[in-house]
Amino acid sequence: MKAFPLLIAGIVVSMLFSCQPANVPVNKKATSPDGNITISVETRKGKVYYSAKKRDKVLLEKSRLGFRFQNMPDLGDHLEITGSESRFFNETWEQPWGEKRLIENKYDELTIHLKEKKDLKREMNLVFRVYNDGFGFRYEIPRQANIDSVRIMDELTEFVMPEVYDAWWIPAYKDRFYESLYRRTPINRMDTVCTPLTLVTKEDTYLAIHEANLTDYAAMNLVCLDSARLKCDLTPWSTGIRVIGKTPFVTPWRTVMVADSPEDLVTSYLILNLNEPCKIPDISWIKPGKYIGIWWGIHHGLYTWSPGPRHGATTANTNKYIDFAAANGFDGVLAEGWNRGWEYNWTSCDSFSYTEPYPDFDIREVTRYAASKNVYLISHNETGGAVTHYENQLDTAYSLYQRLGVKTVKTGYVCDLLDGKERHKSQYGVRHYRRVVETAARYQLMVDIHEPVMPTGLQRTYPNLMTLEGVRGQEWDAWSSDGGNPPDHTTIIPFTRGLAGPMDFTPGTFNFENPILPQTRVRTTLAKQLALYVVLYSPLQMASDLPENYRNEKAFDFIKMVPVNWEETRIPDAVIGDYVITARKDRASDDWFVGAITDENRRELILDLSFLLPDASYRAQIFKDGDNADCENNPADISYAETTVTASQKMSLILAPGGGQAIRFMPVR
Ligand code: NOJ
């Protein structure tokens, strides 16, 4: 199969080149293809600024651009615009997997050439791409006489709001691995925050600031300087330097999604569009799928990672999971704790071997047995943050996995600092994560990264980068001393973390008891657990509970039938933090699936079925909260119903407190 067949619907490229006399103030503009969003770029007293408008409403006021370096003067104080080029671009490309198959990539591009008026006379370009759903821009520092190596101490990029917008945010440096609950405050009451940062204006325009194609650079955070001025804060190396580079040099794209509703944020593909096309020549081996694993039992204390009487990843136990996976249509079985090293203090050591199994885990037998059942083993590689130690074993380990038929690697980085020194989202970390994805591609392995750097759409270029954590996932409901995730958490993350890319949230709990911490448990109803398979997108979806908890459960039918690869996605209704309805069309059939979830409040939602085909009738299989369901006191109460519907109807969905509803619509032939 050829990677990413490119369907060029039409490319119209117009090049304009203009050159102004150096002393005349210049203002350059680019407008989205639909004419709604306009970006202006201007220089004033040698400094360069951009601003953004949607129709006549200012979204961002004059916002500064430039750099502060360690090894040379700042770049941004004596600049003039020496020329510019514009072009219009329009293509439709196909995702091998994702929330939508065909992606329209249509924008107006403006490239601005800047040069210092004095001293070093250095040059820099700014490239803006303006889409109907937002814009992106990046810096290019071309090869030139007066810049060779660069040590960036600060990127001066700002996002200046005309008023104090509200934001949903998580702190950048206080909590680890982006595993926080989102807060909503005015922007001037935020900490330094991670991106994506989702904002709402007083007139209900939604913005989300993030980045695309984070390559050999530091991840961006944002800090609020004065009441409404956000500034880029690049994650530093331990030395304080933010980025080390060499010309020619490009930064990641700074992205701003712009939407009239939260629904339209979710169906924006701006970040993917700002990544490069697929670089893997043959992607026939990359397949989205569902998996189970020796995992929740470990987090609940039933099993251990280390060898001993309760060791989870034994040959016999893994083969039982393989039987269950094969019988129920799962693609993969994750085994955690199969490899040597867990008996040490694994979050601060470099004792893991990624090739040597414990004596009670016969990896050859397990992979042979898995293959005989058309299931594959997912190899878990916890690094404890010892990334150099891991990199030293990458080729040997990955080539072994490929020989044994392992198709996916789940990596982990539980530690404060990588190699005891550098932050996960520093340039050091970004380089490491990329090395893993590229090496995995060479050995035809898909990757699921836990404790990652925030995704930035790289799955377009490396579609073996399937899913990532970087979210407060369901595992917190096993061991978090704060009681677990509150019911509104999953009504926020599709509009915040979810905008960055797939999430390995690991839904699928059917048993709401916690043997170790009774106060900490999954705070949803069972129907909401099912709905999360539609609401939270991941091309690798886990059914996280123990196989014994799924036996004889009608609700398990939904997990078996729900796809992980979609032709199309719609958000019929949502209020961030209150409720979400997500509708997705299966890529392999004409079926639609709907997931609806609520926070701690009971709700009746109206689902307009106009997304269905107009001339067809559909059989709806409905998994809904029982009459007495409640995430606190009666989470397992679920009921099942069937009905026939058409696109002209509306359905009433009653959701219990902390509840949900999951529906499959199948055309009736
Ligand atoms: C944290 C990961 O999120 C979890 O999935 C894994 O089981 C543990 N680390 C151990 O690697």
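Dipole of the chain (Lys/Arg Cβ +1, Asp/Glu Cβ -1, origin at the Cα centre): which of Trp169, Leu79, Ser238 lies farthest to the positive side?
Leu79
Using C-alpha positions alone, give me the convex hull volume of region 289-558 per residue in cubic angstrom.
Per residue, the Cα convex hull of region 289-558 comes to 122 Å³.
How do 655-661, 88-94, 403-409 rank on mean C-beta neighbours within 10 Å, highest first?
With the highest mean Cβ count within 10 Å placed first, the list reads 655-661, 403-409, 88-94.
Using 7 Å Cα-to-Cβ label points, what is the Thr347/Lys373 separation (nm, one decimal)?
3.3 nm
How far, in nm, would the chain grow between Arg364 and Thr185 when pulled straight, counting 0.36 nm per residue and subtracting the alpha carbon separation?
59.1 nm
Any lysines with Cα under 18 Å of the Lys246 Cα? List them, leaving off those in the same chain fewer than 8 positions away.
Lys246 reaches Lys121.
Quick check of the Kirkwood formula: for region 14-273, what is the inverse mean of 1/r over all pairs of different Cα atoms, in Å?
The answer is 19.0 Å.
Grab the beta carbon distance between Ser610 and Glu632, set R0 = 60 Å, and tell me the FRET efficiency rounded to 0.05.
E(calc), rounded to 0.05, equals 0.95.
Pairs Lys279/Lys320; Lys28/Lys279; Lys279/Lys528; Lys115/Lys279; Lys373/Lys560; Lys202/Lys425: which are spaced more than 26 Å apart, C-alpha to C-alpha?
The answer is Lys279/Lys320; Lys28/Lys279; Lys279/Lys528; Lys115/Lys279; Lys202/Lys425.
At a threshold of 8 angstrom on Cα-Cα distance, excluding pairs fewer than six apart, so keeping six or more, what relative contact order does the chain reach in percent?
With pairs under 8 Å counted, the relative contact order is 11 percent.
Once the other residues with Cβ under 11 Å from the Cβ of Thr461 are scored (Lys, Arg +1; Asp, Glu -1), what is the net sum?
Net charge in that neighbourhood comes out at +1.
Within region 310-337, find all residues whose amide N lies under 18 Å from a label point positioned 7 Å from the Cα of Glu513 along Cα-to-beta-carbon.
none
Highest mean first, how do 341-349, 163-171 rank when packing is the count of other Cβ atoms within 10 Å averaged over residues?
Descending packing order for the listed peptides: 163-171, 341-349.
Would you pull out the residues with amide H under 5 Å of Arg101's amide H, same chain only if 5 or more places away, H placed 1.01 Å from N?
Close amide H contacts, sequence-distant or interchain: Glu568.
List the lysines whose Cα lies under 19 Å from the Cα of Lys118, skipping any in the same chain that are fewer than 8 positions away.
Lys45, Lys47
Using bins 10 angstrom wide from zero, how does P(r) for region 342-422 break down, in % of all Cα pairs?
Binned Cα distances yield the sequence 18, 46, 28, 8, 0.
Charges only on Cβ, +1 for Lys and Arg, -1 for Asp and Glu: so what's the dipole of region 14-273 about the Cα centre, in debye to the nearest 20?
Roughly 760 debye for region 14-273.
Counting every Cα pair in the chain, what percent are over 48 Å apart?
Counting pairs separated by more than 48 Å, the tail of P(r) holds 14 percent.
Assigning unit charges at the beta carbon (Lys, Arg +1; Asp, Glu -1) and nothing else, what dipole magnitude in debye, to the nearest 20, does region 289-558 show about its Cα centre?
Here the size comes out at about 620 debye.
I need the peptides 535-544, 288-297 ranked by packing, meaning the mean over residues of other C-beta atoms within 10 angstrom, with the highest value on top.
535-544, 288-297
With contacts defined as alpha carbon pairs under 8 Å and 6 or more residues apart, what's the relative contact order of region 289-558 in percent?
Once divided by the residue count of region 289-558, the mean separation gives 17 percent.
Mind listing the phi-derived Karplus ³J(HN,Hα) values for region 84-99, rounded to whole Hz, using 6.51, -1.76 and 1.60 with θ = phi - 60°, and x for any glycine or proline?
7, 9, 10, 8, 10, 10, 8, 9, 10, 10, 10, 8, x, 8, x, 7
With a cut-off of 8 Å between alpha carbons and a minimum separation of six or more residues, what is the relative contact order of region 109-203 in percent?
Dividing the mean separation by the residue count of region 109-203 yields 19 percent.
Out of Phe505, Tyr401, Trp476, whose Cα points farthest toward the positive end of the dipole of the chain (charges: +1 Lys, Arg; -1 Asp, Glu; placed on Cβ)?
Of the options given, the answer is Tyr401.
To the nearest 20 Debye, how big is the dipole of the chain about its Cα centre, given +1 on the beta carbon of each Lys and Arg and -1 on that of each Asp and Glu?
Rounded to the nearest 20 debye, it is 1640 debye.
Work through the residues other than Thr255 whose Cβ is under 13 Å from its Cβ and net out their charges, Lys, Arg +1 and Asp, Glu -1.
+1
Readers should treat all values here as calculations from the given coordinates under stated rules, not as data from a laboratory. Predicted model, so just to flag it, every value in this text is computed and none were measured. We place every Cβ from the backbone using ideal geometry, glycine too, and count neighbours over all the protein chains shown.
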